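Nothing in this text is a laboratory measurement; each read-out follows from the coordinates by a stated rule. From a predicted model like this one, the values you see are computed outputs, not experimental measurements. Because the Cβ atoms are built from the backbone with ideal geometry, glycine has one as well, and the counts that use them run over all protein chains shown.
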Amino acid sequence: MKMGMSKYREIARTYLKMQLAWRADVAFNMVFTVSKIIFAYLLWGMIFREREMVAGFTLYGMLSYYIVSSFLSQLDMSAGISEEISSRIRNGAFSNYMVLPVSIEGYFTAMETGVALFYLGFDFAAAAVWVFVFRIEFAVTHHFFIVMCAMIMALMGLFFMVQLNYFLGILTLKYKEISTFLMIKNNLMLLVTGGVVPLALFPEAFISVMKLLPFYYVTYLPAMLFTGGCEEEAVRGIVVLAFWCLVMQAVITVIWRRYRKKYDGVGI
């Protein structure tokens, strides 16, 4: 068991070191994080000129939400997993992963862990700039239990996104082209995870539906918990997201067993 885990730790460590070769990506990642918060600052600054509260948010509460949600969303670097798997399957190089002495899904999970750990400090620095330099009255919960629930949920959310992108990637075993699936996923994710606007601004019926789906718990609810909102949903959120992780894992297992036979190692 320890030797098995050490293999995954080594994969994560290798990919963490590899990020040092992509310094431009680090710069663009920080710029994107800051630019997203700048956009929120300008947009909501104008809206809050005429009112003090919007859907239960004050101006600084709204900005605090955007800082945390931007931090969490920028940690998710798993989108490249589906593209990597699809490319490898199509050009016949996916066999390289099939002969590794580790689980293929575990390999990509460890890879995502290493990449996320590398960007963790940079994303935190970009978020901290707004809190300290721009003197934002950062709203944060002081309940240790809620903070722990938010951290657990955020980690589970990152794992679910790895699962989702891995699942989309292995669909290439069945379908020659998955770009349509990826386009739909990429266009929807910012909306359904609350990355564009907090889900609290949507109609109650929409929120009720979203609470049944995993995306509500990937970015939106952890960000709300960290900033002192929706604390009554903390435990329920972990349970619901754990359920969806199990469901996704079952789907991945079925799809992999069914479609792996279609791969002949020479591309599609």
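Helices from the chain with mean Kyte-Doolittle at least -1.0 and a Cα length along the axis of 30 Å or more, per DSSP H: which?
Working: long enough: 23-47 (36 Å, 1.27); 104-132 (42 Å, 1.20); 144-170 (39 Å, 2.13); 234-259 (37 Å, 1.45).
In the chain, the long hydrophobic H runs are 23-47, 104-132, 144-170, 234-259.
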Lys, Arg +1 and Asp, Glu -1 on Cβ, resulting dipole of the chain about Cα centre, debye, nearest 20: 1020
Selected from Ala127, Ala93, Ala223 as most flexible by GNM, with the chain as the system and alpha-carbon contacts under 10 Å: Ala93
Pairwise label distance in nanometres, Val102 with Lys17, each label 7 Å out on the Cα-Cβ vector: 1.3
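Multiplying the sequence separation of Phe28 and Val251 by 0.36 nm and subtracting their Cα-Cα distance, what value in nm do you get? Provide the component values of the computation, followed by the final result.
Numbers: separation 223, 0.36 × 223 = 80.28 nm, distance 3.45 nm.
Fully extending the segment from Phe28 to Val251 adds 76.8 nm.
Name the longest site-free stretch of the chain, where the excluded sites are GluC sites (Glu not before Pro) in a DSSP loop with no more than 10 other beta-carbon atoms within 10 Å. Working shown, then result.
Details: sites that count: Glu50, Glu52.
By the stated rule (loop sites, at most 10 other Cβ atoms within 10 Å), 53-268.
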Efficiency of FRET between Ser208 and Arg49 - r from beta-carbon atoms, R0 30 angstrom, step 0.05: 0.45
Within the chain, longest stretch free of exposed trypsin sites (Lys or Arg not before Pro) [DSSP loop, at most 10 other beta carbons within 10 Å]: 177-268
Global geometry of segment 154-268, whether rounded, prolate or oblate, following the gyration tensor of its Cα atoms and the 1.5 cut on a/c: prolate
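Determine the calculated [θ] at 222 nm for the chain from helices alone, applying -39500 (n - 2.57) to every DSSP H run no shorter than 4 residues and normalising by the residue count; nearest 500 deg cm²/dmol.
-23000 deg cm²/dmol
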Spatially near lysine pairs across the chain, Cα under 22 Å, sequence gap of 8 or more or different chains: 9
Qualifying chymotrypsin sites (Phe, Trp or Tyr not before Pro) in segment 67-154, DSSP loop, other Cβ atoms within 10 Å at most 13: Phe134
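Taking the Cα centre of segment 59-158 as origin and charging only Cβ (+1 Lys, Arg; -1 Asp, Glu), how large is the dipole, in debye to the nearest 20?
Numbers: 3 positive and 7 negative charges, 10 e Å.
The calculated dipole for segment 59-158 is roughly 40 debye.
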